[in-house]
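K.L.:
First the structure, which I've put down as structure tokens, then a few questions once you've had a look.
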Amino acid sequence: MKKFFVTLALLLASFAISAESAKDIIKVFCDLDRVPDYNYSTLILENIDRNGKSETIELSQYGSGVDNGLKNVAFDFKSPAGVKGMRVLQLEKLKKADDRWVYMPKLRQARRIPMTERTKSFGGTEFTYNDMTIRNEDEDDNEMMEDPSSITVNGHDYTCWKIKSTPYKKSEVEYSYRISWFDKKTYIPVRIEFYDSKNKMIKTYECLKIDMVKGATGIEYPLRRSNCVTNLVTGRKTIASVKDFVFDEEISDEYFTQHWLVTGKAPKIKK
């Protein structure tokens, strides 16, 4: 895995020298999102309706990227009472659809999330299950719109690549296409606009804060510290913030199993 960082550094250097295609840029972002090898954090999700009324959801997130570079993610909802005990497991697969499972404590059962339900709300937020993972560069027709493009998000000025992405399988997503602004320094999308078949903007995503942070091994990563999704149809939005995080400190592979999904039990440290 450590060889990956050398390869990535060379990729970043080469992209800085010459203009690359939209697909290349998104591939770099996808590769960056697969690191670090291990991570766990506390996420705070704040739902805010059009009248300003808010609700806060707290959950733990566990991630592993050591299985052939593929990313596994587990979510464990801690509060409020309505979602406490809910758990979600996402297992990335090579060249096929990811496996996604949800455990509902009221039903005391786990079930696979079919492709047709991945457009639905993630734990009652404005994020969908699709929003909780990264689309690979070969899942969309990616077209460069502007290079460079300037944009201001939450008071921060960015120089970006502006890219239009149209899914090849539109039945799997909740929009017809999206337009993204990828920051040229970090390759992170700082704003994404989602459009329906009538070219009406229906949702926006904004990265409110990016921090450069170090993992347990001393490697530095760009961390999307705070993000906001706004539903332009309902007027609701969800702000997601990372409260605590640990990168590159090994955790148990048991977090990414059916046993953990049902019981919520796994040793923290890898055996």
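The values are calculated or read from the model by the stated rules, or taken from the named source; none is laboratory data. Keep in mind the model is a prediction, meaning the values are calculated, not measured. All Cβ positions, even for glycine, are placed from backbone atoms using ideal geometry, and neighbour counts span all protein chains on display. When the accessible area is computed, the model is the full protein with side chains, heavy atoms only, and any ligands, DNA or RNA have been set aside. Shrake-Rupley method; radii C 1.70, N 1.55, O 1.52, S 1.80 Å.
K.L.:
What do you reckon, is THR56 farther than 24 Å from VAL262 by Cβ, assigned to a strand (DSSP E or B) and without any contact (Cβ under 8 Å) to a residue 12 or more places away in the chain?
P.N.:
In short, no.
K.L.:
When the residues of the stretch 1-50 are narrowed to those that are in a helix (DSSP H, G or I) and in contact with a strand residue (DSSP E or B) (Cβ under 8 Å, 6 or more places away or on another chain), which ends up modelled with the lowest pLDDT? Please lay out each step first, then the result.
P.N.:
Residues of the stretch 1-50 in a helix (DSSP H, G or I): 2-17, 22-33.
Okay, now just the ones that are also in contact with a strand residue (DSSP E or B) (Cβ under 8 Å, 6 or more places away or on another chain), so 22-23, 25-26, 29, 32-33.
Working: ALA22: 94, LYS23: 91, ILE25: 93, ILE26: 91, PHE29: 87, LEU32: 70, ASP33: 63.
Filtering the stretch 1-50 for residues that are in a helix (DSSP H, G or I) and in contact with a strand residue (DSSP E or B) (Cβ under 8 Å, 6 or more places away or on another chain), the one modelled with the lowest pLDDT comes out as ASP33.
K.L.:
Scan the stretch 245-271 residue by residue and report those that are in a helix (DSSP H, G or I), in contact (Cβ under 8 Å) with a residue 60 or more places away in the chain and either in contact with a helix residue (DSSP H, G or I) (Cβ under 7 Å, 6 or more places away or on another chain) or open to solvent by less than 30 Å² (accessible area, probe 1.4 Å) (or both). If you could, list the steps in order and put the result at the bottom.
P.N.:
Going through the stretch 245-271, the residues in a helix (DSSP H, G or I) turn out to be 253-256, 258-263.
Subset that is in contact (Cβ under 8 Å) with a residue 60 or more places away in the chain: 253, 255-256, 258, 260-262.
TYR255, PHE256, TRP260, LEU261 - these are the residues of the stretch 245-271 that are in a helix (DSSP H, G or I), in contact (Cβ under 8 Å) with a residue 60 or more places away in the chain and either in contact with a helix residue (DSSP H, G or I) (Cβ under 7 Å, 6 or more places away or on another chain) or open to solvent by less than 30 Å² (accessible area, probe 1.4 Å) (or both).
K.L.:
Same structure again: For the stretch 139-185, give me each residue that is of a type in the set (Gly, Ala, Ser) and more than 18 Å from ASN199 (Cα to Cα).
P.N.:
SER149, SER150, GLY155
K.L.:
Among the listed residues VAL242, VAL229, identify the single one that is under 15 Å from TYR62 (Cα atoms), of a type outside the set (Phe, Trp, Tyr), under 17 Å from the mean Cα position of the chain (by Cα) and surrounded by 14 or more Cβ atoms within 10 Å (Cβ to Cβ).
P.N.:
Values: VAL229 fails: under 15 Å from TYR62 (Cα atoms).
Within the list VAL242, VAL229, the selection yields VAL242.
K.L.:
Looking only at the stretch 188-212, filter to residues that are aliphatic (A, V, I, L, M) and open to solvent by less than 20 Å² (accessible area, probe 1.4 Å); which one of those is modelled with the lowest pLDDT?
P.N.:
The extreme case among them is ILE188.
K.L.:
Would you mind stating whether SER60 is among the hydroxyl-bearing types (Ser, Thr, Tyr) and modelled with pLDDT of 95 or more? Talk me through it step by step, then tell me what you get.
P.N.:
Working: among the hydroxyl-bearing types (Ser, Thr, Tyr): yes; modelled with pLDDT of 95 or more: yes.
The answer is yes for SER60.
K.L.:
Would you mind stating whether ASP140 is under 26 Å from TYR40 (Cβ atoms), of a type in the set (Asp, Glu), buried (at least 17 other Cβ atoms within 10 Å of the Cβ) and in contact with a Phe, Trp or Tyr (Cβ under 9 Å, 6 or more places away or on another chain)?
P.N.:
No, not satisfied.
K.L.:
Same structure, new question: Restricting to the stretch 163-176, name every residue that is open to solvent by 30 Å² or more (accessible area, probe 1.4 Å) and either closer than 18 Å to SER21 by Cβ or of a type in the set (Phe, Trp, Tyr) (or both).
P.N.:
LYS164, THR166, TYR168 - these are the residues of the stretch 163-176 that are open to solvent by 30 Å² or more (accessible area, probe 1.4 Å) and either closer than 18 Å to SER21 by Cβ or of a type in the set (Phe, Trp, Tyr) (or both).
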